[in-house]
Amino acid sequence: KTPIILDTDPGIDDAVAIAAALFHDRIDVKLMTTVAGNVGLDKTTNNALKLLQFFGKDVPVAQGASKPLVRPAEDSSHIHGESGMDGYEFDVPVQAPLAQHAVEAMRDVILNSPEPITIVPIGPLTNVALLLTLYPNCASNIERIVLMGGSASRGNHTPNAEYNIFADPEAAKIVFNAGLPMVMVGLDVTSQATLTTENVETIRDMNKTGSMLYSLFQHYRGGSLKARGLKMHDLCAIAYLVNPALFESQDCFVDIETVGLYTAGTTVVDISGRLAKPSNVTVCLDIDVPAFREWALEVLHNAI
Ligand code: BDR
Ligand code: CA
């Protein structure tokens, strides 16, 4: 089993990724950490706790950064709803988050683990940047970072920037320049990784998890994208962990634009090596969509 820390801002597509990670037999979620992103930190933390209770899983949750390192927070509630997970009435969570800050909880999990830990960020990179800055000694026991974020082409929040990187570009710059093995699962693949109406109906009828996710999907982007398919951005990071053969990738030099007038938060991906700099990131560029859908249905089938 791959031991991971899942750093998240749930988020409707985060909820799907969390289900997949928790119920996959080759993934061991050691810790979930929350960050402000799609909605504010209190809500993302509460959503993580609600999901764990719904799934009956006992995974510690630690609350992280309530705002980006430098900029004001800009949420994504127009996509995920006011609560971040509109559309389903969850029970009030009984479990509380750890008293420890996410960054300290991550440090302890990493330093105490006999096996190197994979960090899987599916929200803005604020917590991970703080971890690598405050506790650089953790680096030697991090297997790699497999993140959902960025794009080698266009953006989804601004013309060039993907939301997770846009939300905290300074943090992303720290993480991308940390010298750790890193996989970028960005919009080039995640925008293709949709669930069709037929997929979504299959999921609805599968199990309790499926019918809960179906209710959330009715509110994903106010339901406006249903006909074109629902983009499973964060689920792609989980898919990469256990099934990298679904993806085509290329090792590239990548850095983050933090000062552009229109382009802050852009992942500058040097696909053709024009800058002649050593590659620091494995960038996913294409995905086998039918095989991804099949994988997604199979993994959700294993949920409760
Ligand atoms: C990313 O932004 C968020 O809204 C999603 O949860 C995903 O992590 C996609 O750009
Ligand atoms: Ca997310």
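Values quoted throughout were computed directly from the atomic coordinates according to the rules given, and no laboratory measurement underlies them. Please read all numbers here as calculations on a predicted model, not as lab measurements. All Cβ positions, glycine included, derive from the backbone under ideal geometry; neighbour counts span all protein chains shown.
Just check the chain against the gyration tensor rule for me: Cα atoms, a ≥ b ≥ c as the square roots of the eigenvalues, rounded for a/c under 1.5, and otherwise prolate or oblate depending on whether a/b exceeds b/c.
In terms of gyration-tensor shape, rounded.
So, counting K/R as plus one and D/E as minus one, what does the shell of residues with Cβ under 15 Å around GLN250 add up to?
-3
Mind checking the dipole of the chain: about its Cα centre, +1 per Lys or Arg Cβ, -1 per Asp or Glu Cβ, Debye to the nearest 20? Mind dumping the intermediate values first?
Details: 21 positive and 35 negative charges, 40 e Å.
In debye, rounded to 20, the chain gives about 200.
Test of understanding: what is the full-extension gain from ASP58 to HIS78, defined as 0.36 nm times their sequence separation minus their Cα-Cα distance?
Length difference between fully extended and current span is 4.1 nm.
Would you mind checking segment 1-20 for residues with the amide N under 11 Å from a putative spin-label position 7 Å along Cα→C-beta of VAL92?
none
Which is farthest toward the positive dipole end of the chain among THR194, ASN141, ASN243, measuring Cα position about the Cα centre, with Cβ charges +1 (Lys, Arg) and -1 (Asp, Glu)?
ASN141
Just ASN280, ASN160, ASN177 to compare: in a GNM of the chain, with alpha carbon springs under 10 Å, which one fluctuates most?
ASN177
Among PRO68, PRO159, PRO181, which one moves the most in a GNM of the chain with springs linking Cα atoms closer than 10 Å?
PRO159
Counting only other residues whose beta carbon sits under 12 Å from that of ALA129, what net charge do I get with K and R as +1, D and E as -1? Spell out each step's value before the answer.
On the way: positive: LYS173; negative: ASP7, ASP168, GLU170.
Taking every Cβ under 12 Å from that of ALA129, the sum is -2.
Given PRO60, SER83, ILE122, which one lies farthest toward the positive end of the charge dipole of segment 59-204, if we put +1 on the Cβ of every Lys and Arg and -1 on the Cβ of every Asp and Glu?
Farthest along the dipole direction, towards plus: ILE122.
Highest mean first, how do 254-263, 1-10 rank when packing is the count of other Cβ atoms within 10 Å averaged over residues?
1-10, 254-263
State to the nearest 20 debye the size of the charge dipole of segment 1-63 about its Cα centre, where the only charges are +1 on K and R beta carbons and -1 on D and E beta carbons.
Once rounded to the nearest 20, the dipole reads 140 debye.
Springs between alpha-carbon atoms under 10 Å, Gaussian network over the chain: tell me which of PRO169, PRO244, PRO124 tops the mean-square fluctuations.
Residue with maximal mean-square fluctuation among PRO169, PRO244, PRO124: PRO244.
Would you give the gap between the C-alpha center of segment 8-25 and the C-alpha center of segment 43-122, rounded to a whole Å?
11 Å
Which lysines, on any chain, are close to LYS277 with Cα under 22 Å apart, when same-chain ones fewer than 8 places away are left out?
Output for LYS277: LYS173.
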